[in-house]
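I have placed the structure first, in the form of structure tokens, so that the comments after it can refer back to it.
The values are calculated or read from the model by the stated rules, or taken from the named source; none is laboratory data. Treat the numbers as computed from the prediction; the structure is a model and nothing was measured. Every residue, glycine as well, gets a Cβ built from its backbone with ideal geometry; the counts of neighbours run over all protein chains shown. When the accessible area is computed, the model is the full protein with side chains, heavy atoms only, and any ligands, DNA or RNA have been set aside. Shrake-Rupley method; radii C 1.70, N 1.55, O 1.52, S 1.80 Å.
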Amino acid sequence: MPDVFTKARRPEVMSRIRGRGNKATELTLARLLRTKGITDWRRHQPVFGRPDFIFRQQRVAIFVDGCFCHGCPKYSNMPASNRAFWMKKLTGNHTRDGLVTRTLRKDGWRVVRVWEHNLRKPTRVLARIHKALTVPKRRIGKCSPTRCFKWICFE
């Protein structure tokens, strides 16, 4: 079926379509949290960067990053067509993720980023979240939120 829009009009129309998040992956993590009895979390609260889940009392923000859209080094494949557009888009996403992480950490939040493919290993994901919720916040070495990406190491 031929496109009903001209080549010039198609990008304008597509730019007005807004995504609604990575609903399937978020629901998977929500199910995991519920089955393990982890409570007091909220979804899509008005916090900088729009974390997928927050624990406000512990100041923990959790992001579930899709492998394609956030450029997972393991499972992301660069599309063959329109390569320049996708390179710019994915690089921008990566840059924004870094800015959000640094800003939240500077404001006293612990940030946990979970790759979509890691949801297949729920015990590891839950261990990282549990650690973020229970370990007292401390600096590691000479790290600071403005100089270092790792405020608390989870690996």
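Kindly state, to the nearest 0.05, the FRET efficiency for Y75 paired with D40, given R0 = 35 Å and r defined as their beta-carbon distance.
Approximately 0.65, to the nearest 0.05.
Rounded to two decimals, the Cα-based Rg/Rh of region 1-93, with Kirkwood Rh, is 1.08. Phi angles across region 85-102 convert, under the Karplus curve 6.51 cos²θ - 1.76 cosθ + 1.60 with θ = phi - 60°, into 3J(HN,Hα) values of 4, 5, 5, 5, 4, 5, 5, x, 4, 5, 5, 5, 4, x, 4, 4, 4, 4 Hz, Gly and Pro given as x. Placing pseudo-labels 7 Å out from each Cα toward the beta carbon at R59 and H130 gives an inter-label distance of 2.5 nm. Shown in residue order for region 115-122 are the 3J(HN,Hα) couplings computed by the Karplus curve 6.51 cos²θ - 1.76 cosθ + 1.60 at θ = phi - 60°: 6, 3, 5, 6, 5, 6, 10, x Hz (x for Gly and Pro).
When E116, E26 are compared by accessible area at a 1.4 angstrom probe, the order from most to least is E116, E26.
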